[in-house]
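Here the structure is laid out as structure tokens; the discussion comes afterwards.
The values are calculated or read from the model by the stated rules, or taken from the named source; none is laboratory data. This is a predicted model, so every value here is computed, not measured. Virtual Cβ from ideal backbone geometry, glycine too; neighbours counted across all protein chains shown.
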Amino acid sequence: MPAPTSSFGRLLPCLAALFGIFVFALTANTLPAALPRVAGEFGLEPTVLARTMSVQFIAFMITTLVGGVLSDRIGKKLVFCAAALFAGLGAWRWATADGLAEGMQAAVLLGMGGGILESISSALLSDLYPERRKFLLNLAQVFYCAGAIGGPFLMSRLLPAGVSWRVFFVAIMIASVLLLLLFAYSHMPPPEAHERVEAAKLLAIVRRANFVLPCIILYCYVLSESSLGFFITTYLKQHLAAPEHWAIVALSIFWGTMMVGRMICAVLPERLSYEKLVALLCGGGMVCMMVQAWLPDWRFSIAAFACTGLAFAGAWPLIVGLTAIRNPRYSGSVIGLLVAIGALGCVTSPPLMELLFRFVPRTLVWPIAALPLGLGVVLSLVLLRIPAPPPTVAAEPAAK
């Protein structure tokens, strides 16, 4: 997609993409924060209701794939507007849900919206400002963290005070309408004929190690991160007897420290190795998760979760950034496919954690959930030894 030439022409779609990631964060973190309360109202175990999150990210994964290809064929604007519409409908369905069946319907719609908002927003930002890719991709994740912090924090205050969890999904619905208007008024030129995705060329790209290894690394990272994000509240409340207020606030603290880390990563020099930074962050996150095995008190556990968020920091945007650098063509399709594969981590996390909580001693739950990060460290260092495309090739889409 040729980037708009004027500063304002780039600014409005940039702001829309950032707000889209904020809305996606709300769709992904509202239910985990209220999971014990919603499950109690529906008469279900929290781990059973958590299956809706697997369904949500199955829809996320499929829509990410389809949305990425469509964005490179018909343009990103129409795809973004559809995403905002899906997110609004999904939030409305949760707000009116009476049981697991309605929750599944809501999860599908939220997943369809979130798959586009997360992946194609990253692709759009990369297209609009290729010279500031590391900064903008980390800034995008700061916006994600803002949504992941703000929603649970408000819920930690209002849910114990008697406010219904449904109110928060109504707020997401309103935010989705505003997002739809932002995308509708943003100028996003359709892809030129020579930029439209061709199946044979795309297939050749996704077969290379420059694409395959980042996909595996992202999956490993997301599997461990989503295990934390989905189950911090439930773990603290049910297994360590933390007060509901602190169990929910812990989720905001986790994303808060991650936001601080991403702000730091956003100002790192572009010349620093993406692969080495990813290995460092995944390794640090693995150590912080394993420490949970020796923490029997919920206060120390929250502190360890906070350190984990700081260690994770810029892993996601850095993996997306190194994939964009190593695969400069068809940004929407490539990043869409990458994020879809990463979303498999969100799909597999709930059933994995359900098994761990049921059959494994509590002290081993988080060390086992941290193991994928070790594979991510190894593969990041392997990728470091594989040559990336020369700078002239990587810069080609921005020059068109």
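Checking Leu281 against (1) touching a Leu at 6+ places or on another chain (Cβ under 8 Å); (2) touching a residue at least 40 places away in the same chain (Cβ under 8 Å): exactly one of these is not met. Which one?
The failed condition is (2).
Return the residues of the stretch 343-400 that are in a loop (DSSP other than H, G, I, E, B) and at pLDDT 85 or above; say none if nothing qualifies.
Result: Val360, Pro361, Arg385, Ile386.
Against the conditions (1) in contact with a Phe, Trp or Tyr (Cβ under 8 Å, 6 or more places away or on another chain); (2) closer than 28 Å to Gly256 by Cβ, where does Trp92 fall short? Just the number, please.
In the conditions (1) in contact with a Phe, Trp or Tyr (Cβ under 8 Å, 6 or more places away or on another chain); (2) closer than 28 Å to Gly256 by Cβ, Trp92 misses (2) alone.
Looking only at the stretch 238-248, which residues are part of a helix (DSSP H, G or I) and crowded, with 21+ Cβ neighbours inside 10 Å?
Ala247, Ile248
So is Ile174 of a type in the set (A, V, I, L, M), farther than 30 Å from Pro269 by Cβ and without any contact (Cβ under 8 Å) to a residue 40 or more places away in the chain or not?
yes
Would you be able to tell me the number of residues in the stretch 44-73 that are assigned to a helix (DSSP H, G or I) and farther than 21 Å from Ser126 by Cα?
Number satisfying all stated conditions: 14.
Can you confirm whether Phe153 is surrounded by fewer than 24 Cβ atoms within 10 Å (Cβ to Cβ), in contact (Cβ under 8 Å) with a residue 24 or more places away in the chain and assigned to a helix (DSSP H, G or I)?
Yes: the conditions hold for Phe153.
So which of Leu251, Leu277, Leu281 is at pLDDT 90 or above, closer than 26 Å to Ser54 by Cα and assigned to a helix (DSSP H, G or I)?
So the residue among Leu251, Leu277, Leu281 that is at pLDDT 90 or above, closer than 26 Å to Ser54 by Cα and assigned to a helix (DSSP H, G or I) is Leu281.
Output yes when any residue across the stretch 324-331 is of a type in the set (Phe, Trp, Tyr) and crowded, with 24+ Cβ neighbours inside 10 Å, and no when none is.
yes
Select from the stretch 55-76 the residues that are closer than 17 Å to Leu202 by Cβ and polar (S, T, N, Q) and list them in ascending order.
Within the stretch 55-76, Thr64, Ser71 qualify.
Testing Ser71 on (1) surrounded by 24 or more Cβ atoms within 10 Å (Cβ to Cβ); (2) within 21 Å of Gly229 (Cα to Cα), one condition comes back false. Which one is that?
All conditions pass for Ser71, except number (2).
Give the residue, chosen from Gly314, Gly229, Gly261, that is crowded, with 22+ Cβ neighbours inside 10 Å, under 22 Å from Val38 (Cα atoms) and at pLDDT below 90.
Gly229
Based on this model, can you work out whether Trp294 counts as at pLDDT below 90, among the aromatic types (Phe, Trp, Tyr) and out of contact with any strand residue (DSSP E or B) (no Cβ under 8 Å at 6 or more places or on another chain)?
No; evaluated as a whole, the condition is false for this residue.
Take the residues of the stretch 218-276 that are closer than 18 Å to Leu364 by Cα and among the hydroxyl-bearing types (Ser, Thr, Tyr): which is nearest to the chain's Cα centre (by Cα)?
Of everything passing the filter in the stretch 218-276, Ser226 is nearest to the chain's Cα centre (by Cα).
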